[in-house]
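The values are calculated or read from the model by the stated rules, or taken from the named source; none is laboratory data. Source: prediction; values computed, not measured. Neighbour counts are summed over all protein chains in view; Cβ atoms, including those assigned to glycine, are modelled from backbone coordinates with ideal geometry. Ligands, DNA and RNA are stripped out before the accessible areas are found, and what is left, the full protein with its side chains, is counted by its heavy atoms. Shrake-Rupley method; radii C 1.70, N 1.55, O 1.52, S 1.80 Å.
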Amino acid sequence: MKTFLGLILVFIVFSFNVVESKNAMPAKRYKVNLDDDPMTRWVPLLENFDRSLLLDAIDSLLKQYVKNDELIALAEIIAHDLDKYISQPYADEMRGISKFYKAELGKVVLGNLAYDASAWNTVGKACTSIVTIDKTGGIIHGRNLDYGAGDELRTITTEVEFHRSGKTLFIGTTYVGYVGLLTAEKVNAFTISGDERDTGYLWENILSALTKGWPTMLMAREVITNAENFESAIEMLQKAKTIAPMYFIVGGVKPHEGAIIVRDRWGAINVTRMDDTYKWFVVETNYDPWNPPPSSDDRRDPAIKLMEEIGQNQMNPENLYKVLSTSPILNPTTTYTTVMSAKNTSLYHTMVRWDHPNEN
Ligand SMILES: *[C@@H]1O[C@H](CO)[C@@H](O)[C@H](O)[C@H]1NC(C)=O
Ligand SMILES: *[C@@H]1O[C@H](CO)[C@@H](O)[C@H](O)[C@H]1NC(C)=O
C-alpha cells in the first residue's frame, strides 16, 4: 500500500514537472530608427506589447525595491521637470512611451531609473558577464541578466536594432519601455554589458544625483552611441558620472580585448583586463575582481571551473551559452541570456530564460 501511494506521489510530482517545465525562447527583435522623432521612434516596437505588460512590470519592480508613497512623490517631481533631470533624446523617448501607452510619465521614468533606485539592495538580483576568445582569438561576449520581478520582465524582453541612415548602428537587449541599455553591441566595434555593483547608496538621494550624474542605463546607451572602438568605450565608461555604481564588461574585436570596468558613482576605480586574469577570458558577477566572492553567492568560481573544463580550443558561442545555462550561474532570477560578438553581427542572440531553476 505504501509503495502504491509512493508511486502515485512520484507520478503526480513527475507530471507536475512535465507540465511546469518550460523552454528558453528567443527574444523577438524590433527596429528603432534613430532618424525618426524620439517621441515616435519606439512605436513600431510598442505596438506589439499590451500596456498592461509594461505597467505590471514597473509596479512589480517598484513594489520590490522602494516604498510606494515615497515613489509617487518622486515620480511627480521628476515628471513635472523632466528636462531638468533627463537629457535628450531620452526625455522625449520616455514622453513618447508614456503617450503611446497613456501611462503616467512619472511611472515610465521610474521604470527607467529602477537600476539606480535599487543598486543599494541585493534582493533577487545578480548577473554574470563573460568575455572570452576562441582558438583563433575571436571574441565572444555572453551575459545573464538577473533581476527580481523575473516573469514580468521575461515577458517584455526584446532585442532592438537601432538604425541610422539605413544602417544598423548598434543592437541591444532591453525590456519594453526601457530606453537605456545594459547589454549591447556596436557593430564591428565593441560589446558591453552591465552587472550590478552594490554600495550603501540610498534611493532618496536620487533627485540630487540626477542633476549631477547619468542614470546608469542611459550612460551605457550614450557610450554605445558615441564610442568608436573598444578603447574609446573603456575611456568613456571610466570617466562618466553615474547615479549608481556598476561593473561594465567590454569586449572588442581583437584578441585579448576584454575588460571589466569597476565603477563607483564618480568614475572607474579599476580596469581589470583579460591579460590581468585568466589570459583567455574575464568573468564578472557582482564582486570586485580582486576580492573572493562571498560563499553565500559564489557564481564566479563555478563559472571559471566550467570555462577551464571547456578550454580555449573548444570555446564557441554554443559552449559559452552552456556555461551561462549551468546552475548556479543560471539561477531563479535570470531573465535572459545574450551571446554576442562585435565582429559578427549575425551572432547576436538573446534567449529569454523561461527555463530558469525554481526558487527552493
Ligand atoms: C585592477 O585590478 C586587477 C586585479 O583585478 C589588477 O591586476 C590590476 O593591476 C588593477 N589595475 C589597476 C590599473 O590598478
Ligand atoms: C557569424 O555567426 C553566424 C551565426 O552564428 C555563423 O553562422 C557565421 O558562420 C559566423 N560568421 C563568421 C565569419 O564567423
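Summary table below
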{"item": "Complete set of residues in segment 265-283 that are outside any loop (DSSP other than H, G, I, E, B) and either free of Cβ contacts under 8 Å to residues at least 40 places away in the same chain or within 18 Å of the chain's Cα centre (by Cα) (or both)", "result": "GLY267, ALA268, ILE269, ASN270, VAL271, THR272, ARG273, ASP275, ASP276, VAL282, VAL283"}
{"item": "Check on SER193, more than 16 Å from ligand 2 (Cβ to nearest atom) and in contact with a Lys or Arg (Cβ under 8 Å, 6 or more places away or on another chain)", "result": "yes"}
{"item": "Sole exception among (1) open to solvent by 20 Å² or more (accessible area, probe 1.4 Å); (2) more than 22 Å from the chain's Cα centre (by Cα); (3) more than 17 Å from ARG197 (Cβ to Cβ) for GLU257, by number", "result": "(2)"}
{"item": "Complete set of residues in segment 233-253 that are away from ligand 1 (no atom under 16 Å from the Cβ) and modelled with pLDDT of 95 or more", "result": "ALA233, MET236, GLY251, GLY252, VAL253"}
{"item": "Some residue of segment 316-328 being in a strand (DSSP E or B) and at negative phi", "result": "no"}
{"item": "Exclusive hit being modelled with pLDDT under 80, in contact with a Leu (Cβ under 8 Å, 6 or more places away or on another chain) and surrounded by fewer than 18 Cβ atoms within 10 Å (Cβ to Cβ), set ASN17, ASN68", "result": "ASN68"}
{"item": "Filter result (part of a loop (DSSP other than H, G, I, E, B), acidic (Asp, Glu) and more than 12 Å from ligand 1 (Cβ to nearest atom)) within segment 284-300", "result": "ASP298"}
{"item": "Count of residues meeting criterion [without any contact (Cβ under 8 Å) to a residue 40 or more places away in the chain, open to solvent by less than 40 Å² (accessible area, probe 1.4 Å) and within 16 Å of ligand 1 (Cβ to nearest atom)] in segment 301-334", "result": "1"}
{"item": "Matching residues in segment 254-283 - criterion: being within 10 Å of ligand 1 (Cβ to nearest atom) and not aliphatic (A, V, I, L, M)", "result": "ASN270, THR272, ARG273, ASP275, ASP276, THR277"}
{"item": "Filtered residues of segment 335-360 (kept if assigned to a loop (DSSP other than H, G, I, E, B), open to solvent by 30 Å² or more (accessible area, probe 1.4 Å) and away from ligand 2 (no atom under 13 Å from the Cβ))", "result": "TRP354, ASP355, HIS356, PRO357, ASN358, GLU359, ASN360"}
{"item": "Subset of segment 170-200 [aliphatic (A, V, I, L, M), touching an Asp or Glu at 6+ places or on another chain (Cβ under 9 Å) and within 19 Å of PRO89 (Cβ to Cβ)]", "result": "ILE171, VAL179, LEU182"}
{"item": "Residue that is away from ligand 2 (no atom under 16 Å from the Cβ) and closer than 16 Å to ILE133 by Cβ, where the choices are ILE329, ILE304", "result": "ILE304"}
{"item": "Test: GLU76 is open to solvent by 30 Å² or more (accessible area, probe 1.4 Å) and not small (Gly, Ala, Ser)", "result": "yes"}
